[in-house]
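J.: The structure follows.
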Amino acid sequence: MRLSRLAALPPDLVVLDSAARAEGFGMLGTLLAEGFAPFTPPGCALFAARDDAGALVGIGGITRDPVAEALRMGRFYVRPQARRLGVGRA
């Protein structure tokens, strides 16, 4: 498993979005619609998890909540076969 900080939305995010939608989750559709902009301010980041073959198996981001003056985790999804492997924790 390889975790990397992204500089843009990965092209294969649409494949991960399809997997999430099949499970009834629409958060990656929101990520596709919003784009990468929420993850560009200082202190914000978007991360991708890829398996040993390079397939995108998870994604999630950290943004700043200006009201609570805290960090917020969002747009997290991990494919079922990659769950319980520490992807979310990483």
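J.: What part of the accessible area of region 41-89, given as a whole %, is carbon or sulfur when the probe is 1.4 angstrom?
T.: Details: 1680 of 3080 Å².
Within region 41-89, the accessible surface is 54 percent carbon and sulfur.
J.: I'd like the Karplus ³J(HN,Hα) series for region 60-68: coefficients 6.51, -1.76, 1.60, θ = phi - 60°, whole numbers in Hz, and an x wherever there's a Gly or Pro.
T.: Per-residue couplings from phi come out as x, x, 10, 10, 8, 9, x, 6, 8 Hz.
J.: With n ≥ 4 as the cut-off for DSSP H runs, can you work out [θ] at 222 nm for the chain, using -39500 (n - 2.57) per run divided by the number of residues, rounded to the nearest 500?
T.: Computed mean residue ellipticity for the chain: -5500 deg cm²/dmol.
J.: Over the chain, consider all pairs of different Cα atoms and compute the Kirkwood hydrodynamic radius from their mean reciprocal separation; express it in Å, one decimal.
T.: 13.4 Å
J.: I would also like to ask the following. With a cut-off of 8 Å between alpha carbons and a minimum separation of six or more residues, what is the relative contact order of region 1-78 in percent?
T.: Once normalised by length, the contact order is 30 percent.
J.: Return the whole-Å distance between the Cα centroid of region 1-42 and the Cα centroid of region 55-90.
T.: 10 Å
J.: At a Förster distance of 25 Å, what's the computed FRET efficiency of F36 paired with Q81, Cβ-Cβ distance as r, to 0.05? Can you show the working numbers first?
T.: Numbers: r = 26 Å, r/R0 = 1.05.
E between F36 and Q81, to the nearest 0.05, is 0.45.
J.: Let me ask something else. Hey, can you find the accessible area per residue of the chain for me, probe 1.4 Å, expressed in square angstrom?
T.: For the chain, the solvent-accessible area averages 61 Å² per residue.
J.: Give, in nm to one decimal, the length gained when the segment between D51 and A68 is fully stretched (0.36 nm per residue of separation minus the Cα-Cα distance). Present the calculation step by step, with values, prior to reporting the outcome.
T.: Numbers: separation 17, 0.36 × 17 = 6.12 nm, distance 3.47 nm.
The D51-A68 span can extend by a further 2.6 nm.
The values are calculated or read from the model by the stated rules, or taken from the named source; none is laboratory data. Quick caveat: nothing in here was measured; it's all calculated off a predicted structure. Every residue, glycine as well, gets a Cβ built from its backbone with ideal geometry; the counts of neighbours run over all protein chains shown. SASA here: full protein model, heavy atoms, side chains in, ligands and nucleic acids out. Shrake-Rupley method; radii C 1.70, N 1.55, O 1.52, S 1.80 Å.
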